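Chemist: Have a look at this one.
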Amino acid sequence: MLNIEQMDLKDKLITSFMALEDRVDVENYVHDVRSEAIKIFEDKGFPTKKEEAWKYTSLKSILKEDYSVFPKAENALEYNDVKKYFIHDIDSYKIVFIDGKYSSHLSQTTHDGMDICLMSAAIAKPKYRLVIENYFNKIASKDSLSSLNTAFSQEGAFIHIPKNKLVEKPIQILHFSTGNESAIMLQPRNLIVVDENSHVQIIERHQSLNNNPVLTNSVTEIFANKRAIVDYYKIQNDTQNASLIDNTFIKQKQESVASVHTFSFGGKLTRNNLNFYQQGERIDSTLKGVTIIGDKQHVDHNTMVHHTEPNCESHQDYKGIFGDSATGVFNGQVLVEKEAQKTNAFQANNNILLSDKATINTKPQLEIFADDVKCSHGCTIGQLDESAMFYMQSRGIPHKEARALLMYAFSNNVLSSVKIPEIKQRINKLIANKLGVRIGFDL
Amino acid sequence: MLKIHNLHAGVDDKSILKGIDLEIKPGEIHAIMGPNGSGKSTLASVIAGKEEYEVTKGEILFEGDDIGELSPDERAHKGVFLSFQYPVEIPGVSVTNFIKTAINETRKAQGLSEMPAKDMLKLLREKAELLDIDRKFLSRSLNEGFSGGEKKRNEIFQMAMLDPKLAILDETDSGLDIDALRIVANGVNKLKTDDNAVLVITHYQRLLDYIVPDFVHVLVNGKIVKSGTKELAHELEEKGYDWIKEEVNA
């Protein structure tokens, strides 16, 4: 009897890449980048626990699914059916994808004085050629997963804000998977270029609409040029078989201010590779996150801030609450080069374990080569404060609500820097839902 | 209102309360005095339902119901209030939100709807005035960075808002200067009616100059060894606790 083994995901991806090659314009700059990237992926393969950066996160269980790499059908969704996944009470631009394909029906893009549109259009159209050649794949790392995304990069958000522009409406980037394919792998690719003095706010969410397996391997490159302000919010509250590997790279020029808030409340496995590269003086970088998970969920924050010039700051603050058999990882790297004098770099990672089976692995890594800097880091792991619980209960607040209130309090200073009130409200609600309580107060 | 019969309680294997009997009727103010380590704070915590203490014998009746098996919040819903010796700091939750939550959870447990925001605001304003509390204070994080006096005033403020039937004041005077003590005591006195009761737990007599008790009980080594009127407090202040200990031993 013949034993035909199922083709493993790596082989399947490489085979699919060749099929993709036949369809694309080989004269394009991006084509060369893709060809190089697939070679890297072919060489390195998927990361395993043997690699230091993946010691506590195993992709094994999610790689065994038979993902379709190019979804066949064009699927449509009605706005009212998915409205709840949008921050729908604010006026915003929307870039929406369904099973990896752009949905013009759900989107609201613009070319009026700025470009808030699609990656596929930006790659194809000559008028974007310069921006693509200057910025595409310039800061994404050459690791295997980012390279895999690069090889398959066809679709995603393309945002180019020219200088002196305050984008008044936030931009929402949503990726839906419908479950019409039994298992699907998505590789969105976003490029965001914010020129001098401009300000933009972006909300990103990946949402599966049923329980079929989804693996998203996303790459986002963000360029904050001189004095630009970029606020990025990631809402990760996906269904139980949806996994996300988010690779985000931010390059900041002098006096720019960039922040990324990551709210991780769901999904099967979530890995956030968040990298800030500073290039200029008086740069401010903020990385904050709240993770609240249970069951067997896994969330891994792998952050890196690279300080290269004097008088810059970075602020990292990650809070985690882990119940049931959930596992968390925080691996925070801060690299301060010799030239980066007067750097202020802060890092904090505080965790609460709600059960004996929950686990957190936290590892701060500071490498400082300058001698006149202020750097601090601290991580804590604890249980909920019993004396605070008794105090609240003695005032008539039941155990469950008291617990929720304490967890709110715990994550509060992360929420305090969220600038869009509607997002703050939404996160509050998500936390309440996650904890299964009704909240009779606002923070 | 409160009847305690032969109450024994402890932590792990260590017994702390060794047979307490106490009855408090509506309208009364009782004081429990005693040396350090006599079990005063344990008694307060046990009445309020702190779970780390185990009741090994006896019962606690509140308005005729045995509350021994109830959780701290269920006891609070019945009208028991404990003012903490060391109020806990809860960064990230404002005084107002905390009190709102406490009141509405209590109302929910009593089958009432939430208090309308307008009424809540009025009540907050009224009680803040009673205790000479600045409005700005209400939006600060609960007890975070409060001075000793502010913490205790905040406890009595919460008591005023929750309007309990029985208020237990655990060492409310500790860490207070005389002005703060006067404000706190005046607050308690203003809240006192013929229908509610107060149990003051203190090491020193000075608080009892302001909150004048109807009965004073002396707790030594987990037992009430002597009960009397407010004069007993003065006697203790003058002579200390040693003579009582000797009397008990003899």
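The values are calculated or read from the model by the stated rules, or taken from the named source; none is laboratory data. In this text the structure is predicted, and so the values were computed from the model without any measurement. So basically every Cβ, Gly included, is an ideal-geometry build from the backbone, and we count neighbours across all protein chains shown.
Chemist: Among the residues in region A:245-261, are any in contact with a helix residue (DSSP H, G or I) (Cβ under 7 Å, 6 or more places away or on another chain) and charged (D, E, K, R)?
Modeler: So far as region A:245-261 goes, no, none of its residues is in contact with a helix residue (DSSP H, G or I) (Cβ under 7 Å, 6 or more places away or on another chain) and charged (D, E, K, R).
Chemist: List, please: which pairs have Cβ atoms under 8 Å, are six or more places apart or on different chains, and start with a residue in region A:384-405 that is facing chain B (nearest Cβ under 7 Å) and assigned to a loop (DSSP other than H, G, I, E, B) and end with one that is surrounded by 21 or more Cβ atoms within 10 Å (Cβ to Cβ) and hydroxyl-bearing (Ser, Thr, Tyr)?
Modeler: A:Gly396/B:Thr106; A:Ile397/B:Thr101
Residues are listed down the side, and each one gets a yes or a no for (1) in contact with a Lys or Arg (Cβ under 9 Å, 6 or more places away or on another chain); (2) more than 14 Å from every other protein chain (Cβ to nearest Cβ); (3) hydrophobic (A, V, I, L, M, F, W, C):
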| site | (1), (2), (3) |
| --- | --- |
| A:Phe346 | yes, yes, yes |
| A:Asn351 | yes, yes, no |
| A:Ser355 | no, yes, no |
| A:Thr359 | no, yes, no |
| A:Thr362 | no, yes, no |
| A:Gln365 | no, yes, no |
| A:Val373 | yes, yes, yes |
| A:Ser416 | yes, no, no |
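Chemist: Regarding A:Phe265, is this residue closer than 19 Å to A:Asn433 by Cβ and touching a helix residue (DSSP H, G or I) at 6+ places or on another chain (Cβ under 9 Å)?
Modeler: yes
Chemist: Right, something else. Kindly evaluate B:Val55 against the criterion of being facing chain A (nearest Cβ under 10 Å), hydrophobic (A, V, I, L, M, F, W, C) and touching a strand residue (DSSP E or B) at 6+ places or on another chain (Cβ under 7 Å).
Modeler: So B:Val55 fails the test.
Chemist: Counting only residues that are in a loop (DSSP other than H, G, I, E, B) and touching a Phe, Trp or Tyr at 6+ places or on another chain (Cβ under 8 Å), which one in region B:78-88 is nearest to the other protein chains (Cβ to nearest Cβ)?
Modeler: For region B:78-88, the residue satisfying everything is B:Val88.
Chemist: If you go through region B:195-229 one residue at a time, how many are touching a residue at least 60 places away in the same chain (Cβ under 8 Å) and assigned to a helix (DSSP H, G or I)?
Modeler: Number of matching residues: 1.
Chemist: Okay, moving on. Determine which single condition B:Val200 fails, assuming it passes every other condition in (1) away from every other protein chain (no Cβ under 14 Å); (2) on the phi < 0 side of the Ramachandran plot; (3) surrounded by fewer than 23 Cβ atoms within 10 Å (Cβ to Cβ).
Modeler: (3)
Chemist: Does A:Asp372 fit the bill of being of a type in the set (Asp, Glu) and farther than 14 Å from A:Tyr56 by Cβ?
Modeler: It is true that A:Asp372 is of a type in the set (Asp, Glu) and farther than 14 Å from A:Tyr56 by Cβ.
Chemist: Select, from B:Ile16, B:Ile103, B:Ile4, the only residue that is within 10 Å of chain A (Cβ to nearest Cβ), in contact (Cβ under 8 Å) with a residue 24 or more places away in the chain and either among the aliphatic types (A, V, I, L, M) or part of a loop (DSSP other than H, G, I, E, B) (or both).
Modeler: Every option except B:Ile103 fails the conditions.
Chemist: List the number of the failed condition for A:Lys142; all other conditions in (1) part of a loop (DSSP other than H, G, I, E, B); (2) in contact with a strand residue (DSSP E or B) (Cβ under 6 Å, 6 or more places away or on another chain) hold.
Modeler: (2)
Chemist: Residue by residue through region A:238-250, note down the ones that are under 14 Å from A:His298 (Cα atoms), of a type outside the set (D, E, K, R) and crowded, with 21+ Cβ neighbours inside 10 Å.
Modeler: Of everything in region A:238-250, those that are under 14 Å from A:His298 (Cα atoms), of a type outside the set (D, E, K, R) and crowded, with 21+ Cβ neighbours inside 10 Å turn out to be A:Ala242, A:Ser243, A:Leu244, A:Ile245.
Chemist: If you scan region A:394-425, which residues turn out to be within 17 Å of A:Tyr233 (Cβ to Cβ), surrounded by fewer than 22 Cβ atoms within 10 Å (Cβ to Cβ) and among the small types (Gly, Ala, Ser)?
Modeler: A:Ser416, A:Ser417
The rows are residues; the columns are (1) surrounded by 16 or more Cβ atoms within 10 Å (Cβ to Cβ); (2) over 24 Å from A:Ser208 (Cβ atoms).
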site	(1), (2)
A:Thr15	no, yes
A:Glu21	no, yes
A:Asp25	no, yes
A:Asp43	no, yes
A:Thr48	no, yes
A:Glu51	no, yes
A:Glu65	yes, no
A:Asn80	no, no
A:Val96	yes, no
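Chemist: A further question on this structure: Which residue pairs have Cβ atoms closer than 7 Å, lie 6 or more positions apart in sequence or on different chains, and pair a first residue in region A:250-264 that is at pLDDT 95 or above with a second residue that is among the acidic types (Asp, Glu)?
Modeler: A:Gln254/A:Glu281; A:Val257/A:Asp284; A:Ser259/A:Asp231
Chemist: Here are A:Ile87, A:Ile95, A:Ile139: which of them is within 19 Å of A:His175 (Cβ to Cβ) and at pLDDT 95 or above?
Modeler: A:Ile95
Chemist: Looking at region B:1-37, which of its residues are under 17 Å from the mean Cα position of the chain (by Cα) and of a type outside the set (A, V, I, L, M)?
Modeler: Of everything in region B:1-37, those that are under 17 Å from the mean Cα position of the chain (by Cα) and of a type outside the set (A, V, I, L, M) turn out to be B:Lys3, B:Glu23, B:Lys25, B:Pro26, B:Gly27, B:Glu28, B:His30, B:Gly34.
Chemist: OK, next. Hey, does region A:367-388 have a residue that's closer than 28 Å to B:Pro87 by Cβ, crowded, with 18+ Cβ neighbours inside 10 Å and hydrophobic (A, V, I, L, M, F, W, C)?
Modeler: Yes, that holds for at least one residue.
Chemist: In region A:235-279, which residues are of a type in the set (Phe, Trp, Tyr) and not in a strand (DSSP E or B)?
Modeler: Within region A:235-279, just A:Phe265 meets the criteria.
This table checks each residue for (1) away from chain A (no Cβ under 14 Å); (2) crowded, with 22+ Cβ neighbours inside 10 Å.
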site: B:Glu129; (1), (2): yes, no
site: B:Lys136; (1), (2): yes, no
site: B:Gly149; (1), (2): yes, no
site: B:Leu162; (1), (2): no, no
site: B:Ile168; (1), (2): no, yes
site: B:Glu171; (1), (2): yes, no
site: B:Asp214; (1), (2): yes, no
site: B:Val220; (1), (2): yes, no
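Chemist: For region A:426-442, state whether one or more residues are within 7 Å of chain B (Cβ to nearest Cβ), at pLDDT below 80 and surrounded by fewer than 22 Cβ atoms within 10 Å (Cβ to Cβ).
Modeler: Yes, some residue in region A:426-442 is within 7 Å of chain B (Cβ to nearest Cβ), at pLDDT below 80 and surrounded by fewer than 22 Cβ atoms within 10 Å (Cβ to Cβ).
Chemist: Residue by residue through region A:104-127, note down the ones that are of a type outside the set (Val, Ile, Thr) and touching a residue at least 40 places away in the same chain (Cβ under 8 Å).
Modeler: A:Leu106, A:Gly113, A:Met114, A:Asp115, A:Cys117, A:Leu118, A:Met119, A:Ala122, A:Ala124
Chemist: Run B:Gly145 past the list (1) within 14 Å of another protein chain (Cβ to nearest Cβ); (2) within 27 Å of A:Ser411 (Cβ to Cβ) and report the number of the one that doesn't hold.
Modeler: Among (1) within 14 Å of another protein chain (Cβ to nearest Cβ); (2) within 27 Å of A:Ser411 (Cβ to Cβ), the lone unmet condition for B:Gly145 is (1).
Chemist: Could you pull out every one of the helices (runs of 4 or more DSSP H) wholly within region A:1-105 that has 2 or more residues that are more than 23 Å from the chain's Cα centre (by Cα)?
Modeler: A:9-23, A:29-44, A:79-82
Chemist: Moving on. When residues of region B:153-194 are filtered for being part of a loop (DSSP other than H, G, I, E, B) and either among the small types (Gly, Ala, Ser) or closer than 16 Å to B:Phe137 by Cα (or both), how many remain?
Modeler: 2
Chemist: Among A:Asn273, A:Asn361, which is the only one that is touching a Phe, Trp or Tyr at 6+ places or on another chain (Cβ under 8 Å), on the phi < 0 side of the Ramachandran plot, modelled with pLDDT of 95 or more and surrounded by fewer than 24 Cβ atoms within 10 Å (Cβ to Cβ)?
Modeler: A:Asn361
Chemist: Let me ask another. If you go through region B:34-77, how many residues are assigned to a loop (DSSP other than H, G, I, E, B) and among the basic types (Lys, Arg)?
Modeler: 1
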